[in-house]
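The structure under discussion appears below in the form of structure tokens.
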Amino acid sequence: MSHPGPADRQRVQIAPCRAHPLRLRLKAGLPLDRAIAAAAREAGVTGAWLQLDNLLCTALSFVIPAPPPGDGRVAFYSATRVLRGARIVTAGLHLGEAGAIHAHGIWTDAAGAAHMGHLRPEGTHLSRPAWITGWRLDGAFFRRRFDPETGFPLFTTHRKARRLSSGRPARLIRLRPHLDLAPTLAALSCAGTRFLGLGSLVGTRFATGAPLPGPATEILILGQDRSRLRVASVGEDGTPHQGWLSGTNRTCITAELLLIDG
């Protein structure tokens, strides 16, 4: 797969940090991005991995993978889809500099049908206040910048001085295109490393069932067995799939990950 810009020599970005358990209270009535930003600001959090589970929404906006736009980029997003009376079953998101968010997840509509995609938090509203959990990061954060290689604005890792004591040893990681996800993470991990994150693959290959075709599929890591990864994934047809990755699963645009070692 040929991206429009020159390949960056640094294929793996790693920023060491410390991870602290986090719990935030989100207000209803605000767009989700603003609700998260307000809660993070009140808690003094500038970077985090956050988990959203069983959240009721008056409106939920998202996109799924779509064919390339014809400008050299290898994939794109669909038009925004809006669900009324939706429920976020599970979602994960990176909270970066200035409240920037990258979120993937699974949700259901008012009739109970499952959907998956890239969450548009600015167009998503909770129907009631809710608690969310995650990991506060100290010593590193994601910053969104234009990426010449892929032609997209993407999260990139940045280091900063640590402010807190203790915490679990962790690493904030960004993988560039063409890296095989599971073997790359296995090479970066130690005994007991926990993998959290999301990204896109050049199609998704599971241990059972037919592969999910590309050129791009969105993924969210749901769990692991040592370095074996269980993910949720969605392609251009919008149907969510779940399973254990198997075979070659190369990064398409990016993979943004938090590895917790302790």
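The values are calculated or read from the model by the stated rules, or taken from the named source; none is laboratory data. Note that the structure is a prediction, hence the values are computed from the model and not measured. Note that we place each Cβ from the backbone using ideal geometry, even for glycine, and neighbour counts take in every protein chain shown. Ligands, DNA and RNA are excluded from the accessible area calculation, which covers all protein heavy atoms including side chains. Shrake-Rupley method; radii C 1.70, N 1.55, O 1.52, S 1.80 Å.
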Evaluate region 181-203: report whether one residue or more is among the aliphatic types (A, V, I, L, M), assigned to a strand (DSSP E or B) and in contact with a Pro (Cβ under 8 Å, 6 or more places away or on another chain).
no
When region 74-99 is checked residue by residue, the ones that are of a type in the set (Gly, Ala, Ser) and open to solvent by 20 Å² or more (accessible area, probe 1.4 Å) are 78, 79, 85, 98, 99
Flagged in region 64-101 as more than 18 Å from the chain's Cα centre (by Cα), of a type in the set (A, V, I, L, M, F, W, C) and within 18 Å of residue 202 (Cα to Cα), in numbering order, are 74
Would you mind stating whether residue 185 is crowded, with 18+ Cβ neighbours inside 10 Å and not polar (S, T, N, Q)?
yes
>> Residue under question is residue 63, and the condition is that it be free of Cβ contacts under 8 Å to residues at least 60 places away in the same chain and surrounded by 15 or more Cβ atoms within 10 Å (Cβ to Cβ); does it hold?
In response: yes
Among the residues of region 156-178, the number that are assigned to a loop (DSSP other than H, G, I, E, B) and open to solvent by less than 40 Å² (accessible area, probe 1.4 Å) is 3
Cβ pairs under 7 Å, 6+ apart or interchain, first in region 106-119 and touching a residue at least 60 places away in the same chain (Cβ under 8 Å) and closer than 16 Å to residue 219 by Cβ, second open to solvent by 40 Å² or more (accessible area, probe 1.4 Å) and outside any loop (DSSP other than H, G, I, E, B), ordered by first then second residue, are 106/89; 106/114; 118/77
If we keep only residues of region 188-222 that are of a type in the set (Gly, Ala, Ser) and within 23 Å of residue 62 (Cα to Cα), then the residue modelled with the lowest pLDDT is 214
Expected output for region 149-162 (first residue hydroxyl-bearing (Ser, Thr, Tyr), partner outside any strand (DSSP E or B), Cβ below 9 Å, 6+ apart or cross-chain) is 150/3; 150/4; 150/5; 150/73; 150/74; 150/176; 150/177
Across (1) more than 19 Å from the chain's Cα centre (by Cα); (2) closer than 20 Å to residue 231 by Cα, residue 165 clears everything bar (2)
